[in-house]
1. Examine region 94-103 for a residue that is outside any strand (DSSP E or B), closer than 30 Å to residue 140 by Cβ and in contact with a strand residue (DSSP E or B) (Cβ under 8 Å, 6 or more places away or on another chain), and state whether such a residue exists.
2. So residue 133 clears everything in (1) closer than 17 Å to residue 243 by Cα; (2) crowded, with 22+ Cβ neighbours inside 10 Å except one condition, right? Which one?
3. Can you tell me how many residues within region 260-284 are out of contact with any helix residue (DSSP H, G or I) (no Cβ under 6 Å at 6 or more places or on another chain), surrounded by 10 or more Cβ atoms within 10 Å (Cβ to Cβ) and free of Cβ contacts under 8 Å to residues at least 60 places away in the same chain?
4. For the structure I just gave you, tell me whether residue 205 is farther than 17 Å from residue 111 by Cα and either modelled with pLDDT under 90 or in the same structural domain as residue 112 (by TED's automatic domain parsing) (or both).
5. Condition test on residue 275, is it farther than 21 Å from residue 117 by Cα and modelled with pLDDT under 90?
6. Look at region 162-184 and say how many of its residues are closer than 26 Å to residue 115 by Cβ and in a loop (DSSP other than H, G, I, E, B).
7. Tell me which residues, restricted to region 1-41, are part of a strand (DSSP E or B) and surrounded by fewer than 16 Cβ atoms within 10 Å (Cβ to Cβ).
8. Among the residues that make up region 167-182, is at least one of them within 25 Å of residue 310 (Cβ to Cβ) and in contact with a helix residue (DSSP H, G or I) (Cβ under 6 Å, 6 or more places away or on another chain)?
């Protein structure tokens with residue numbers, strides 16, 4: 001198996017690295033599906049490196065180093081640096097960050113042209129997608145449900161400056177040709193969106209074969225069950241890869257300092273142009289934000305959404321900083337214990353030599 005077909009670049013291999021490279025294709029609780037030079041295999045985390053806080057827990061799409069075991073589960077010993085990374089605040093209280101996918105080239109932000117279309121959710125996805133470091137692409141699915149989807153396309157384009165927007169139908173094949181340029185050999189695309197929007201159907205349509213199970217959605221509210229129950233990386237026949245993810249009901253912000261600037265560039269252009277440098281954008285004279293809203297150049301809903309996500313991101317940034325400090329403290333403790341153990345071993349050796 002040539003791992004370069006899975007996007008691995010040999011020059012990214014760390015010097016004096018132990019183990020062989022592999023890519024994670026799925027995560028099953030404590031067991032990881034892997035692909036390496038020996039083919040498909042499974043692995044588990046090496047306890048000391050990961051649960052001791054020395055390594056970032058891997059997710060689907062990660063490149064890792066493993067101690068290969070041909071007779072059972074291999075040991076995952078290191079997570080290699082990520083090119084791109086998508087995460088959100090874990091829906092479970094107190095859990096912090098939840099890794100979603102890594103090392104992808106494009107983020108397909110998917111909403112369907114029915115009751116799922118949601119402006120505020122699209123803003124959240126765009127913010128997180130821009131922060132991931134990859135190129136966001138808005139894909140409006142189920143275009144066959146609309147006689148003329150142009151109004152939805154225009155809304156999406158107004159929210160996503162500089163982002164390509166495509167309306168497609170997996171049922172009729174309409175618009176699928178417009179996605180061909182992203183589906184190049186060695187490229188990885190992550191699919192993100194709610195349940196029932198047609199992610200699995202689009203995977204099948206792009207693959208040209210039925211490789212994903214598809215569930216019907218309820219007609220009364222356009223909701224669907226989770227067809228995909230875990231994140232998985234799928235290799236298509238043409239060499240392109242798709243990371244399919246379960247539908248996300250919650251999409252909390254987590255460390256999106258760069259993403260907000262990109263996702264809300266239409267808002268950011270007015271910041272810093274107020275008469276007073278400490279303008280709170282409330283009742284101060286000469287406020288560029290208030291003037292833009294009054295002139296109709298910026299909608300009040302867009303501004304309020306920006307303020308809400310900014311506050312949420314600030315809270316998450318503080319929490320992320322706390323968790324990083326905790327992780328660093330664990331690393332320091334682990335390093336101290338390792339040095340102490342080495343010193344004790346050395347002292348015992350000297351004592352043994354003295355007794356001889």
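1. yes
2. Exception for residue 133: condition (2).
3. Residues in region 260-284 being out of contact with any helix residue (DSSP H, G or I) (no Cβ under 6 Å at 6 or more places or on another chain), surrounded by 10 or more Cβ atoms within 10 Å (Cβ to Cβ) and free of Cβ contacts under 8 Å to residues at least 60 places away in the same chain: 7 in total.
4. On the way: farther than 17 Å from residue 111 by Cα: no; either modelled with pLDDT under 90 or in the same structural domain as residue 112 (by TED's automatic domain parsing) (or both): yes.
So residue 205 does not fit the description; no.
5. Answer is no for this residue.
6. First, pick out the residues of region 162-184 that are closer than 26 Å to residue 115 by Cβ: 163-176, 178-179.
With in a loop (DSSP other than H, G, I, E, B) added as a condition, the list becomes 163, 168-175.
Looking only at that region, the number is 9.
7. 28, 31, 39, 40
8. Kept after step one, since they are within 25 Å of residue 310 (Cβ to Cβ), are these residues of region 167-182: none.
Looking through region 167-182, none of the residues is within 25 Å of residue 310 (Cβ to Cβ) and in contact with a helix residue (DSSP H, G or I) (Cβ under 6 Å, 6 or more places away or on another chain).
The values are calculated or read from the model by the stated rules, or taken from the named source; none is laboratory data. Just so we're clear, the structure is a prediction, and the values are computed from it rather than from any experiment. A quick note on method: Cβ atoms are made from the backbone with ideal geometry, for glycine too, and the neighbour counts reach across all protein chains shown.
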